[in-house]
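So the structure is just underneath, and the comments pick up after that.
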Amino acid sequence: MLHLAQVVENSLSQKLELHLLAMEESPNQWNFCNEKYIILPEDNNLSKGLLLLVEINENQEIVRYRNAKDWLLNIVRDYLIHGVENNSDFFLQEQARIEKWRQELTSESQDLTRIRLEIEARREELQQLEHNLSLEREKLNQ
């Protein structure tokens, strides 16, 4: 999994570590990490403060890393310089997707309400049938 990380120095061991800042969930979607650190191998030539894109496997081992400078500059260019025209399309697409989800949830909610009402009506019918059956049994027993 791809992470944005910063090289930091551990205050206790004085060794360099990677402070994982964010994790890629899907293309163009990142989530912040909460205080995750990974120890760097001793034979690294990284300097404190450097920002890296780091691929980490499921065992929390570093697979590879690269300088994040070009990646960050591309983000700045794409979202800050061209932001108004590029982001408006993105926001319109997201709004349409959210509206579709809202409509689907409303429809599902209506379906669940209808099913709940049908179950309640059937339950009442069963109670009435049980009551009638009970009355019939009383009549037969007399």
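No value in this document is a laboratory result; all are computed from the given coordinates. Values in this document were obtained by computation on a predicted structure and should not be read as measured data. Cβ atoms come from the backbone with ideal geometry, glycine included; neighbour counts cover every protein chain shown.
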Worksheet item: Normalised by the residues of the chain, what does the relative contact order come to in percent, with Cα pairs under 8 Å and at least six apart?
Response: 16 percent
Discussion item. Can you give me the Kirkwood hydrodynamic radius for the stretch 95-141, using every pair of distinct Cα atoms, in Å to one decimal?
Written reply: 13.5 Å
Item to complete: Identify the residues of the stretch 37-55 with backbone N under 17 Å of a label point that sits 7 angstrom from the Cα of residue 13 along the Cα-to-Cβ direction, or state none.
Response: 37-49
Worksheet item: Within straight cross-link reach of residue 15, meaning Cα distance under 15 Å, which aspartates and glutamates are found once same-chain residues fewer than 8 apart are removed?
Response: 42, 43
Discussion item. Looking at the chain as a GNM with Cα springs under 10 Å, which of 56, 119, 75 has the largest mean-square fluctuation?
Written reply: 119
Worksheet item: Fewest to most neighbouring Cβ within 10 Å: what's the order for 62, 98?
Response: 98, 62
Practice prompt. Might you report the magnitude of the Cβ-based charge dipole of the chain about its Cα centre, with Lys and Arg at +1 and Asp and Glu at -1, to the nearest 20 debye?
Written response: 180 debye
Worksheet item: For the stretch 1-32 and the stretch 36-70, what is the separation of their Cα centres, given in Å?
Response: 7 Å
Worksheet item: Which one of 109, 133, 95 has its Cα pushed farthest toward the positive end of the charge dipole of the stretch 95-141, where Lys and Arg give +1 and Asp and Glu give -1 at the Cβ?
Response: 95
Worksheet item: (i) 68, 27, 24; (ii) 38, 38, 25; (iii) 98, 45, 23: which one is Cα extents along the principal axes in Å as calculated from this entry?
Response: (iii)
Worksheet item: Within straight cross-link reach of residue 139, meaning Cα distance under 17 Å, which aspartates and glutamates are found once same-chain residues fewer than 8 apart are removed?
Response: 130
Fill in: Gain in span if fully extended, residue 73 to residue 139, counting 0.36 nm per residue against the direct Cα distance
14.9 nm
Item to complete: Compute the acute angle (0 to 90°) between the alpha-carbon long axis of helix 83-141 and the principal axis of greatest extent of the alpha-carbon atoms of the chain; round to the nearest 10°.
Response: 30 degrees
Worksheet item: How large is the charge dipole for the stretch 95-141, taken about the Cα centre, if only the Cβ atoms of Lys, Arg (+1) and Asp, Glu (-1) carry charge, to the nearest 20 debye?
Response: 200 debye
Worksheet entry | Least to most buried among 19, 131 (fewest other Cβ within 10 Å first) | 131, 19
Response to the item:
Simple spin-label estimate for residue 93/residue 108, 7 Å along Cα→Cβ, in nm, reads 2.3 nm
Discussion item. If I build a Gaussian network model for the chain, linking alpha-carbon pairs within less than 10 angstrom, which residue out of 61, 130, 35 has the largest mean-square fluctuation?
Written reply: 130
Item to complete: Treat the count of other C-beta atoms within 10 Å as a stand-in for reagent exposure and order 51, 73 from fewest to most.
Response: 73, 51
Worksheet, complete the sentence: Listed residues 45, 28, 132; largest mean-square fluctuation, Gaussian network over the chain with Cα springs below 10 Å, found at 132
